[in-house]
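Take a look at the structure set out below.
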Amino acid sequence: MLNREDFEILNTGIIYFDNAATTQKPRSVVNKIVDYYTKYTANAHRGDYDISLKVDEEYESTRDKVKNFINAEDRSEIIFTKGSTESFNMIVFGFMAHYLQKGDEVILSKGEHASNLLPWISLAKQIGFTIRYASLEEDNSLSMENLKEMINSNTKVISLAHITNSIGDVRPIKEIGELCKENNILFVVDVTQSIGHLRVDVIENNISFLGFSAHKMLGPTGVGVLYGKKELLEKLVPLEYGGGMNIAFSSSGEYELKELPFRLEAGTRNIAGVIGLGAAIDYLENIGLQNIHEYELELKKYLVEKMKTVPNIKIYNETSPSGVLLFNVGNYFSQDVAIYLNKFKICIRAGNHCAKMLQEVICSTNTCRVSLYFYNTKEEIDKLIEALKDQDKILETVV
Amino acid sequence: MDVKLKRDAILDNYQNPANRGLPDDKDYRQVNSRNESCVDNITVAAKIVDGKVEDVKFDGDACAICTSASSVMTKELKGKTKEEAEVIIDNFERMINELPYDEDVLGELNIYNEVYKQPSRKKCALLPMNSIKQIIESK
């Protein structure tokens, strides 16, 4: 149990096991946002007065924090977006739409989240490039052997999650990054599920582009990050035009756009959100990602051991080295299980977890998902186990 | 009806649903419905002849409330005219959404009169109605 006292909601008896969906927010993040709204509300990059300059300072200091957090080379490589989904849409429709051609191949996997699948599928229909899905091993982790075999002279991009939101397997991004480097392939990484749990280094892993959302790493909703290597980001054509991203324009139809990163941040951004993200990074750095990861692994081990003492439990991802556990209870429909656990104030996720292709692999359309974070405890797991042992009562919740 | 009786009736319809299984018959029109949380997935098939719901069936992968409500719905709508079916559907939706409704037309569907207490279950109960409405309106 780490820093539980910073999360008021955890004192209300709520057992929050849906951290892969969104995490709770520590007081320091909330305070930072409230400060912006109560002490120095102003637009960014616009004013010549003190509070506006204070906004610039806070907003831009988050850019530096993100740069350092992922070890980017230059602060202009960090673009603030609405979240992972927007980041991936910018990568695919702003860059790949001008980069890929008919006959090219993009490698994805069936374990990806919708935001790293649908943009590609949509663009492939327009351009005619081919999407190939790297196969998964028996434990649903990515098959590196298969991935290597798939690479050929047409392979232009590999786009994968660092940690998947359903199986929770951790992809060997260093090894994949090296493969990409050797074969002149762009490496796009969805770090949404890993950014608050494991160190992500864009240089060490040869990452071309990445995207993540602040709300899955203690930050606010509605803000995220797009990272791109400078020479690639320079070629990303803006999807949004308007204020804040141009230098000049006239009725003759001529316009000139700003330099990076501002060119890709049209309109007033989610200023409070960006500032909140900065506080979330400070908080995570303070605890240490390594401590978080180690504690999560300990919790997951405990959870798996305890789950095995409950009858009729089918686990789909026992060995994945992160805090995610996918399971079903006998023939009970996952949503019935989730609603039953809600009676005990236990919050879990039921469904397909936005990874709709995964059902082709694990042969189950719906599962229950527990996803842990550093503020969860073994005592909370014990309460879950106790409730699941009483599984005969699951359907009593229908009325 | 007390809670235990309602629960037993719901569970009976969940575990032994009536009219489950989609017919391979082009006289039936099918509509699939899924709820927004990506979980319940139900297909309803109905044969409507001369303004009458001659037969209704369903199949799918869904929770206890959605599956049982589909079962009860098929039983209540079978044999009704389109107009009668529309009155039942409308009153069922009103009941789930906590609006005034006529319980006399709902028959066994009245076992869902406490679903409103669990807001997350409302959409499950309403899902089969979404499919059947589209079928009835289209003919």
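The values are calculated or read from the model by the stated rules, or taken from the named source; none is laboratory data. Because the structure is predicted, anything quoted here is derived from the model rather than measured. Don't worry about glycine lacking a Cβ; one is built from the backbone with ideal geometry, like all the others, and counts go over all protein chains shown.
Below are the figures for this structure:
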{"quantity": "Residue list for segment B:94-118, filter: among the aliphatic types (A, V, I, L, M) and assigned to a loop (DSSP other than H, G, I, E, B)", "calculated": "B:LEU99, B:LEU106"}
{"quantity": "Where A:LYS393 falls short, out of the listed (1) in a loop (DSSP other than H, G, I, E, B); (2) in contact (Cβ under 8 Å) with a residue 24 or more places away in the chain; (3) within 12 Å of chain B (Cβ to nearest Cβ); (4) surrounded by fewer than 19 Cβ atoms within 10 Å (Cβ to Cβ)", "calculated": "(1)"}
{"quantity": "Residues of segment A:95-112 that turn out to be closer than 22 Å to A:LYS235 by Cβ and in contact with a strand residue (DSSP E or B) (Cβ under 8 Å, 6 or more places away or on another chain), as a count", "calculated": "10"}
{"quantity": "Test: residue in segment B:99-109 that is at the interface with chain A (Cβ under 10 Å from one of its Cβ atoms) and out of contact with any Cys (no Cβ under 9 Å at 6 or more places or on another chain)", "calculated": "no"}
{"quantity": "Check on A:TYR99, more than 25 Å from the chain's Cα centre (by Cα), over 30 Å from A:LYS300 (Cα atoms) and not charged (D, E, K, R)", "calculated": "no"}
{"quantity": "Residue within segment A:298-310 that is within 27 Å of A:PHE80 (Cα to Cα) and assigned to a helix (DSSP H, G or I) present", "calculated": "no"}
{"quantity": "Count of residues meeting criterion [out of contact with any strand residue (DSSP E or B) (no Cβ under 7 Å at 6 or more places or on another chain) and at pLDDT below 95] in segment A:356-391", "calculated": "7"}
{"quantity": "Residue in segment B:56-74 that is away from chain A (no Cβ under 14 Å), at pLDDT 95 or above, surrounded by fewer than 19 Cβ atoms within 10 Å (Cβ to Cβ) and farther than 20 Å from A:PHE333 by Cα present", "calculated": "no"}
{"quantity": "Selection count, segment A:8-20, where residues are out of contact with any Cys (no Cβ under 9 Å at 6 or more places or on another chain) and surrounded by fewer than 20 Cβ atoms within 10 Å (Cβ to Cβ)", "calculated": "6"}
{"quantity": "Candidate set from segment A:87-120 (those that are surrounded by fewer than 20 Cβ atoms within 10 Å (Cβ to Cβ) and hydrophobic (A, V, I, L, M, F, W, C)); member that is nearest to A:ALA266 (Cα to Cα)", "calculated": "A:PHE93"}
{"quantity": "Count of segment A:363-384 residues which are surrounded by 19 or more Cβ atoms within 10 Å (Cβ to Cβ) and not in a strand (DSSP E or B)", "calculated": "9"}
{"quantity": "Which numbered condition A:GLU305 fails, given (1) touching a helix residue (DSSP H, G or I) at 6+ places or on another chain (Cβ under 6 Å); (2) over 22 Å from A:ASP64 (Cβ atoms); (3) at pLDDT 95 or above", "calculated": "(1)"}
{"quantity": "Matching option when the condition is surrounded by 16 or more Cβ atoms within 10 Å (Cβ to Cβ) and not in a loop (DSSP other than H, G, I, E, B), among B:ALA18, B:ALA46", "calculated": "B:ALA46"}
{"quantity": "Number of the exception - B:THR81 against (1) among the polar types (S, T, N, Q); (2) under 20 Å from A:ALA350 (Cα atoms); (3) more than 14 Å from every other protein chain (Cβ to nearest Cβ)", "calculated": "(2)"}
{"quantity": "Unique match (being modelled with pLDDT under 95 and of a type outside the set (Ser, Thr, Tyr)) among A:GLY196, A:GLY168, A:GLY177", "calculated": "A:GLY168"}
{"quantity": "Out of A:SER52, A:SER84, A:SER76, sole residue that is surrounded by 15 or more Cβ atoms within 10 Å (Cβ to Cβ), polar (S, T, N, Q) and under 30 Å from A:LYS300 (Cα atoms)", "calculated": "A:SER84"}
{"quantity": "Selection within segment A:331-347 - in a loop (DSSP other than H, G, I, E, B) and within 13 Å of chain B (Cβ to nearest Cβ)", "calculated": "A:ASN331, A:TYR332, A:PHE333, A:LYS343"}
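Table: residues versus (1) of a type in the set (A, V, I, L, M, F, W, C); (2) within 26 Å of B:ASP27 (Cβ to Cβ); (3) in contact with a strand residue (DSSP E or B) (Cβ under 7 Å, 6 or more places away or on another chain).
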site: B:ASP55; (1), (2), (3): no, yes, yes
site: B:ALA62; (1), (2), (3): yes, yes, yes
site: B:SER68; (1), (2), (3): no, no, no
site: B:MET73; (1), (2), (3): yes, yes, no
site: B:GLU86; (1), (2), (3): no, yes, no
site: B:ILE89; (1), (2), (3): yes, yes, no
site: B:LEU106; (1), (2), (3): yes, no, no
site: B:ARG121; (1), (2), (3): no, no, no
site: B:LEU126; (1), (2), (3): yes, no, no
